[in-house]
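Visitor: Input: one structure, supplied below.
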Amino acid sequence: MPNARDLRSANRPDRERSPEIDEDVTGKELDRATQHQIKTLEDKSAEWVARHLVMAGRLIDEEPELAFQHALAASRRGGRLAAVREAVGLTAYAAGHYGEALREFRTYRRISGSNVHLPVMADCERGLGRPDRALDVVRSEEANDLDAPGKVELAIVAAGARSDLGQLDAAVAELEIAQLDMNRAFSYSPRLFRAYANALAAVGREDEAAKWQKQAVVAENALGLGADEEPDIVDLGWDEEEEAREEAQRRRLLERAAAGPETSASTSAARSEVAADKTVIQAAGVDAAIDDVESDFFDSNDADSDEDSVERDELEAGDTEDDDEEHNAGHGDAGDSNNGTDAHSEERN
């Protein structure tokens with residue numbers, strides 16, 4: 001096993017050999033934010049670090065221990081980079097090395113100034129058998145700065161810590177947060193609904209638990225999980241005003257179709273709209289400061305190269321203002337975004 005405490009040592013013959021890298025890995029598979037950090041290294045070291053990070057990301061779900069070794073190998077030449085320390089922390093957490101993971105996440109936070117992994121740090125405390133310390137993390141001032149997905153993950157960890165302490169009613173209360181809305185589905189909602197259902201079942205509220213378990217499935221179906229594109233918010237309830245607007249639109253389409261000769265194409269389009277599914281999808285407003293974009297690197301179910309924790313790519317810097325204006329114009333007043341942090345805490349909940 002690699003020496004987890006000697007993260008910055010150079011690769012020397014007397015050290016543990018680094019794991020093999022697949023031949024098809026070039027290092028260019030990383031997201032641009034991570035590549036931007038790695039460019040600060042000497043060319044040979046940059047390639048070394050990049051290729052090991054790609055391997056760590058490739059293996060983290062199926063072979064977390066081997067992924068951890070790849071991340072350690074990358075850290076021997078890139079230990080000063082936030083993305084590298086983040087990779088070591090994520091792979092250590094996935095492999096169950098909670099002490100190493102906690103140390104790496106603390107280092108990552110010092111380098112980057114980001115608290116994005118606070119829920120995982122709290123879960124590491126749980127993994128080390130310290131639920132009281134996990135609750136201290138939950139109550140910390142830094143927790144107030146988390147985005148909606150982060151607050152959901154932290155609530156799930158807090159509920160698990162309460163359960164560890166035998167405080168089952170308190171576990172239910174920890175999950176009763178603003179994001180627990182039965183009629184709206186965010187990407188984190190299925191996990192939150194199931195965690196709440198499990199907490200309810202643990203205190204004997206079986207009927208309510210069954211209702212929330214069912215709603216978790218409804219939310220997954222509404223979100224189209226597994227599809228190429230997912231809506232940010234789906235309204236699972238019935239909206240009378242929206243229904244009236246849709247009905248008025250159907251009437252207008254039918255009137256236009258009956259008003260005079262129409263081409264077959266336009267008539268077909270009108271009929272298609274009239275017969276459309278009534279599911280109402282509302283686009284959520286996404287805070288520009290929240291990193292919610294899928295990455296080619298570590299998958300955290302929701303985001304996976306946290307751009308708020310690293311320097312932005314210089315090529316993207318010029319587009320930020322325009323993107324924000326388009327975002328604010330195209331999204332309503334929906335306040336919460338989606339995508340949470342690493343999902344491995346779910347296994348103990």
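Visitor: Hey, what do the phi angles of the stretch 108-122 turn into as Karplus ³J(HN,Hα) couplings, whole Hz, using 6.51/-1.76/1.60 and θ = phi - 60°, x for Gly and Pro?
Guide: Taking θ as phi minus 60°, the curve returns 4, 5, 5, 6, 8, x, 9, 9, 4, 9, 4, x, 5, 4, 5 Hz for the stretch 108-122.
Visitor: Let me ask you something else. Can you run phi through the Karplus equation (6.51, -1.76, 1.60; θ = phi - 60°) for the stretch 148-159 and list ³J(HN,Hα) in whole Hz, with x for Gly and Pro?
Guide: Those phi angles translate into 4, x, x, 5, 5, 4, 5, 5, 5, 5, 4, 4 Hz.
Visitor: Let me check the size of the stretch 92-150 from its C-alpha atoms; what are the radius of gyration and Dmax in Å?
Guide: 10.9, 29
Visitor: For the stretch 125-169, with all protein chains present and a 1.4 Å probe, just round the carbon and sulfur fraction of the accessible area to a whole percent.
Guide: After summing per-atom areas, the C and S share lands at 38 percent.
Visitor: How large is Rg/Rh for the stretch 153-203, to two decimals, with Cα atoms and a Kirkwood Rh?
Guide: Over the Cα atoms of the stretch 153-203, Rg/Rh equals 0.96.
Visitor: Go through the stretch 37-54 residue by residue and turn each phi into a ³J(HN,Hα) via Karplus (6.51, -1.76, 1.60, θ = phi - 60°); whole Hz please, and just put x for glycine and proline.
Guide: Result, rounded to whole Hz: 5, 5, 4, 6, 8, 4, 3, 5, 5, 4, 5, 4, 5, 4, 5, 5, 5, 4.
Visitor: Would you mind checking which residues have amide H under 5 Å from ARG184's amide H? H placed 1.01 Å from N; only 5 or more apart, or other chain.
Guide: LEU236
Visitor: In Å and from the alpha-carbon atoms only, list the Rg and Dmax of the stretch 123-194.
Guide: 12.0, 36
Visitor: Out of every Cα pair in the stretch 16-56, what percent are spaced more than 10 Å from each other?
Guide: In whole percent, the share of Cα-Cα pairs in the stretch 16-56 beyond 10 Å is 70.
Visitor: Can you list the lysines whose alpha carbon sits under 24 Å from that of LYS151, skipping same-chain ones fewer than 8 residues off?
Guide: The reachable lysines, counting only those whose Cα sits under 24 Å from LYS151, are LYS211, LYS214.
Visitor: Here's something else I'd like to know. Convex hull over the alpha-carbon atoms of the stretch 10-100: what's its volume per residue in Å³?
Guide: 96
Visitor: Binned at 10 Å from 0, what are the whole-percent values of the Cα-Cα distance distribution for the stretch 70-124, short to long?
Guide: Per 10 Å bin, starting at 0, the Cα pair percentages come out as 30, 58, 12.
The values are calculated or read from the model by the stated rules, or taken from the named source; none is laboratory data. Everything numeric here is computed off the predicted structure, so don't read it as measured data. Ligands, DNA and RNA are stripped out before the accessible areas are found, and what is left, the full protein with its side chains, is counted by its heavy atoms. Shrake-Rupley method; radii C 1.70, N 1.55, O 1.52, S 1.80 Å.
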